[in-house]
């Protein structure tokens, strides 16, 4: 048990270091991938996502207001993912590393969805008259609730589900 806790703490420290150092570069991948998802919403399809260090600046050539999304607040769950995979027995085994790679792909997809939800919530709630004209109360409440639920439960739920499923399945552990 003490060895597992030690591995978890080592993974936690490594996760913090990787997240802190890689976030600015990661945002250069996250922004264009999420940009593709924005095309599904005709109101937000003209938006352009521009990575800037730990944030993503949202701009447009149309009269849509600009916004700044703190992207690092949407991606820090990678720290927990790395800590959980580090706590597994035989952390450097091919099976564990394969599970981690799959979990990282799942986490990337969740980061794209999380950024999309955060953008929708920002435009639904925090853009004054523009928000009221384009969303209304029901839309604003939906997107604000979606953002809160994802940030409080979803971003950690994705990590635990990916870790549990990929660390405890027969295909990964054999």
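Here, each number is a calculation from the coordinates, and none is a lab measurement. None of the values given here were measured: they were computed from a predicted structure. Glycine gets a Cβ as well: all are built from the backbone with ideal geometry, and neighbour counts include every protein chain shown.
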Compute the label zone of residue 22 within the stretch 152-167: residues whose backbone N is under 17 Å from the point 7 Å along Cα-to-Cβ.
159-160, 162-163
Return the whole-Å distance between the Cα centroid of the stretch 55-70 and the Cα centroid of the stretch 88-131.
20
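Under the classification rounded if a/c is under 1.5, otherwise prolate if a/b is larger than b/c and oblate if not, where does the stretch 76-174 fall, given a ≥ b ≥ c as square roots of the Cα gyration tensor eigenvalues? Let's see the in-between values first.
Details: a/c = 3.83, a/b = 3.70, b/c = 1.03.
Cα axes put the stretch 76-174 in the prolate bin.
Using the per-residue mean of other Cβ atoms lying within 10 Å as a proxy for protection, in what order, highest first, do the peptides 121-127, 11-17 fall?
Details: 121-127: 19.7, 11-17: 16.3.
Per-residue mean Cβ counts within 10 Å order the peptides as 121-127, 11-17.
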Among 69, 18, 79, determine the one that fluctuates most according to a GNM of the chain built with springs between C-alpha atoms less than 10 Å apart.
18
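Between residue 129 and residue 68, how high is the FRET efficiency from 1/(1 + (r/R0)^6) when r is the Cβ-Cβ distance and R₀ = 25 Å? Nearest 0.05.
Working: r = 19 Å, r/R0 = 0.76.
The computed FRET efficiency comes out at 0.85.
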Tell me the angle of helix 2-38 to the major Cα principal axis of the chain, expressed in degrees between 0 and 90 and rounded to the nearest ten.
30
Angle between the chain longest axis and helix 94-125 axis [Cα atoms, degrees, rounded to 10]:
20
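Quick one: length gained pulling residue 37 to residue 149 fully straight, 0.36 nm per residue minus the C-alpha distance?
On the way: separation 112, 0.36 × 112 = 40.32 nm, distance 1.99 nm.
Stretched out fully, the residue 37 to residue 149 stretch lengthens by 38.3 nm.
Can you give the FRET efficiency to the nearest 0.05 for residue 168 and residue 93, using r as the Cβ-Cβ distance and R₀ = 25 Å? Please list the in-between numbers first.
Values: r = 14 Å, r/R0 = 0.57.
With a Förster radius of 25 Å, E is 0.95.
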Take the alpha carbon gyration tensor of the stretch 1-78, find the square roots of its eigenvalues, order them as a ≥ b ≥ c, and report rounded if a/c is under 1.5; if not, report prolate when a/b exceeds b/c, else oblate.
prolate
